Amino acid sequence: MIIQTNRLLLRDLCENDASDVYALFSNKETMRYLDLPHPNIECSQQYVNEVLNKYQEDPRRCYEMAVILEDKRTFAGVVNLEVEHPYLKDARACLDYYFLPEHWNKGYATEASIALIKFAFETLEVNKIATGTLKCNIGSEAVMKKCGMSLEAELKQHAKFNGDWVNRVEYAILRCEYLKRIEE
């Protein structure tokens, strides 16, 4: 599957992406707020293979996509939409995004996320898309807001970060909110 935006190409991961996925998920800055680093290339290859297997599910529920810059060569990160109960109309989905630090603060995470949100609401007809992050990850929270998502919850002392208990924020957008937003 391919989704084109003004500056990005979103495409399904392929076997050849393991080295880029490893560069992403082994990057200390990218993984600063997460606990899922890939210790070696083999781990990343296994991860990519698992994603490729998920693509075969019918109905499909995994839309983990490589984000490629407009030059059609540069891997910037991944954006992922996981649909819960994809056989139901009006399903719920979860959105995630991970980018290499050299591609932060350029609007790529927002642009890729908005494209996947559009696909989810207009093609898959999901009812709700949710995501979350640690409250201290202000860059990720800013992406959520720019995508039109609203704060649904702040989970107090949800996780340990650098030895301290920190809060987690949960954001979401409903299809009716999305449709209203694009009509304006």
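The values are calculated or read from the model by the stated rules, or taken from the named source; none is laboratory data. Quick caveat, the model's predicted, so the values are computed rather than measured. Reconstructed Cβ throughout: ideal geometry from the backbone, glycine too, with neighbour counts over all protein chains shown.
Structure above, values below:
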item	result
Matching entry among 142, 159, 153, 120 (being among the hydrophobic types (A, V, I, L, M, F, W, C) and under 15 Å from residue 64 (Cα atoms))	120
Close pairs (9 angstrom Cβ cut-off, 6 or more residues apart or separate chains): in contact (Cβ under 8 Å) with a residue 12 or more places away in the chain in the range 120-133, among the basic types (Lys, Arg) and part of a strand (DSSP E or B) anywhere	126/92; 127/92; 128/92; 129/92; 130/92; 132/168; 133/168
Per-region count, the range 90-100, residues outside any loop (DSSP other than H, G, I, E, B), among the hydrophobic types (A, V, I, L, M, F, W, C) and in contact with a helix residue (DSSP H, G or I) (Cβ under 9 Å, 6 or more places away or on another chain)	3
Residue in the range 174-184 that is in a strand (DSSP E or B), farther than 30 Å from residue 48 by Cβ and either in contact with a strand residue (DSSP E or B) (Cβ under 9 Å, 6 or more places away or on another chain) or free of Cβ contacts under 8 Å to residues at least 40 places away in the same chain (or both) present	yes
The range 1-29 - residue that is without any contact (Cβ under 8 Å) to a residue 24 or more places away in the chain and more than 17 Å from residue 70 (Cα to Cα) and, of those, surrounded by the most Cβ atoms within 10 Å (Cβ to Cβ)	22
Residue 114 being aliphatic (A, V, I, L, M), out of contact with any strand residue (DSSP E or B) (no Cβ under 8 Å at 6 or more places or on another chain), assigned to a helix (DSSP H, G or I) and modelled with pLDDT under 95	no
Candidate set from the range 35-56 (those that are out of contact with any helix residue (DSSP H, G or I) (no Cβ under 8 Å at 6 or more places or on another chain) and in contact (Cβ under 8 Å) with a residue 24 or more places away in the chain); member that is surrounded by the fewest Cβ atoms within 10 Å (Cβ to Cβ)	55
Filter result (surrounded by fewer than 20 Cβ atoms within 10 Å (Cβ to Cβ), within 16 Å of residue 65 (Cα to Cα) and either of a type in the set (A, V, I, L, M, F, W, C) or in contact (Cβ under 8 Å) with a residue 40 or more places away in the chain (or both)) within the range 90-110	94, 100
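To keep it simple, each residue is scored yes or no on (1) closer than 17 Å to residue 24 by Cβ; (2) assigned to a strand (DSSP E or B).
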{"residue": "77", "(1), (2)": "yes, yes"}
{"residue": "82", "(1), (2)": "no, yes"}
{"residue": "88", "(1), (2)": "no, no"}
{"residue": "102", "(1), (2)": "yes, no"}
{"residue": "110", "(1), (2)": "no, no"}
{"residue": "120", "(1), (2)": "no, no"}
{"residue": "132", "(1), (2)": "no, yes"}
